[in-house]
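The block underneath contains the structure these notes are about, expressed in structure tokens.
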Amino acid sequence: MASSLRDILRPLPSFPDELPTFDVNAAPDDPVALFVDWLTEAIDASVLAPHAMTLSTSEPDGKVTARMLVLKDIDDRGWVFASRDDGAKARDLGANPFAALTFFWPQMGRQVRVTGAVRKRPRTEGEADFLARSEGSRVSAFVGHQSEPLESLEMYDEAYAVAAARVAEDPSLVTRTWNTWSVAADEVEFWQASRDRGHIRLKYRHHGHSWEHGLLWP
């Protein structure tokens, strides 16, 4: 008799045997500093796509949706990502300008959760980000119709060819629908796995112009 999915999933390992330590007593006052340390360690450990994150938003009726994006930067206005402003993400944020970001580095047994208000950044920043993308990424943005029904892959190929010709003719071309956004974090949680399941959770909360942080039960 074939094993049930539950039987297949149960013994799968979640994390490697060796996990990094997390000295919460040495945690900095600003969560961005700790995040950059963790991100740098993930990069040094050759974690694939360490800047990948799940962006979670809610639709006008409260239905939550999520998708994977990459972190572009962090500055004094927030945690930066790029997206079309005529797609589902932008519609969600127009109705409810709050979002959550989740980073997960399984090789390190670590995750980071960020929540806060979202604001669209200046158009010039979106243009600069767009022109810094690879040619293939720029072409795909000009194809358009993101998340709309697609009748066939052949139809996509035809639209891609047309967009590729436009970009080849004018490499400086920028789509008017591309923008960057910032999540102004009000809470940031750091989670470090432990082999004994006593996972360490350190949560930062923003108050006024400063942060306070403390431990959470696993």
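The values are calculated or read from the model by the stated rules, or taken from the named source; none is laboratory data. Small disclaimer: the values here were computed from a predicted structure and weren't measured. A quick note on method: Cβ atoms are made from the backbone with ideal geometry, for glycine too, and the neighbour counts reach across all protein chains shown. Accessible surface is based on the protein model in full, side chains and every heavy atom, while ligands, DNA and RNA are left aside. Shrake-Rupley method; radii C 1.70, N 1.55, O 1.52, S 1.80 Å.
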For Asp86, which sequence-distant residues (separation of 5 or more, or a different chain) have an amide H within less than 5 Å of its own amide H, given hydrogens modelled in the peptide plane? none
Can you bin segment 56-129 into rounded, prolate or oblate? Criterion: square roots of the alpha carbon gyration tensor eigenvalues sorted a ≥ b ≥ c, rounded for a/c under 1.5, prolate for a/b above b/c, oblate for the rest. oblate
Could you list the residues of segment 56-94 with an amide nitrogen less than 19 Å from a label point located 7 Å from the Cα of Thr115 in the Cα-to-C-beta direction? 56-67, 78-80, 92-94
Difference of contour (0.36 nm per residue) and Cα-Cα distance, Met155 to Glu187: 7.2 nm
In whole Å, what is the distance between the alpha-carbon centres of segment 58-96 and segment 18-41? 26
Accessible area of the chain belonging to carbon and sulfur atoms, whole % at 1.4 Å probe: 54
Between Ala185 and residues 5 or more places away or on another chain, which pairs have amide H atoms under 5 Å apart, with H built 1.01 Å from N, and which residues are they? Trp79
In the set [x] 17.8, 55; [y] 20.3, 61; [z] 18.6, 56, which value of Rg and Dmax of the Cα atoms in Å was calculated from the structure you see? [y]
